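The numbers here are math on the coordinates, done by the rules we state, and not lab data. What you see is a predicted model, and the numbers here were worked out from it, not measured in a lab. Reconstructed Cβ throughout: ideal geometry from the backbone, glycine too, with neighbour counts over all protein chains shown.
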Amino acid sequence: QVQLVESGGGLVQAGDSLRLSCAASGRTFSSYTMGWFRQAPGKDREFVSAITQSGYSTWYADSVKGRFTISRDNAKNAVYLQMSSLKPEDTAVYYCAASQGMMYLLKPDAYDYWGQGTQVTVSS
């Protein structure tokens, strides 16, 4: 089992950067594919990015490609989301998630464990 705790959210202006962190408990963190999702008020939870166990492969939603970067440090049991050139439409609660598989990673149902989320608000 994995417990996930996100941090790093906050209120920023358009064009600013933020780095989200997700700390994981458990000694098997390196065996999980990790993902970031976000959910804005009144909207479904949507995929943002994912990274394989080794960090070799990554995926991004088209809406964040070129602006966000996912990374992980298995020695620290952590995954990160570096967000740059933030836009008001990036405003959402951001969730870290862990998957024991590698299929359908763009779907929330593919993930087995979730953090509590961290709020990111981007003002115009």
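Take the Cα of Ala40, step 7 Å toward its Cβ, do the same at Gln1, and the gap between the two points is 3.5 nm.
Once the piece of chain linking Lys107 and Ala75 is laid out straight, how much longer is it, given 0.36 nm per residue of separation minus the C-alpha distance between them? Difference between extended and current length: 8.8 nm. For a quick check, take a GNM of the chain with Cα springs below 10 Å and name the residue from Arg19, Arg38, Arg27 with the largest mean-square fluctuation. Among Arg19, Arg38, Arg27, the largest mean-square fluctuation in the Gaussian network model of the chain belongs to Arg27.
Inter-label distance, Thr52 to Arg19: 2.5 nm, where each label sits 7 Å from its Cα along the C-beta direction. Can you tell me what percent of all Cα-Cα pairs in region 27-86 are more than 16 Å apart? Distances greater than 16 Å cover 45 percent of the Cα pairs. Between Ile70, Tyr111, Ala40, the Cα set farthest toward the positive side of the dipole of the chain (charges on each charged residue's Cβ, about the Cα centre) is that of Ile70.
The Kirkwood radius of the chain, taken over pairs of alpha-carbon atoms, gives through the Stokes-Einstein law at 10 °C and 1.306 mPa s a diffusion coefficient of 112 µm² s⁻¹. Counting Cα-Cα pairs of region 21-62 in 10 Å increments starting at 0 gives whole-percent bin shares of 25, 46, 25, 4. In the elastic network of the chain, a GNM with C-alpha springs shorter than 10 Å, the most mobile of Leu105, Leu11, Leu81 is Leu11. Each Lys or Arg adds one and each Asp or Glu subtracts one; over the other residues with Cβ under 14 Å from the Cβ of Gly101, this totals -1. Please list, by residue number, every one of the chymotrypsin sites (Phe, Trp or Tyr not before Pro) in region 68-110 that is coil in DSSP and has at most 13 other beta-carbon atoms within 10 Å. For chymotrypsin sites (Phe, Trp or Tyr not before Pro) across region 68-110 that sit outside H, G, I, E and B with at most 13 neighbouring Cβ atoms in 10 Å, the list reads Tyr104. For region 1-107, the tally of Lys pairs with Cα-Cα distances below 21 Å comes to 5, considering only residues 8 or more apart or on different chains.
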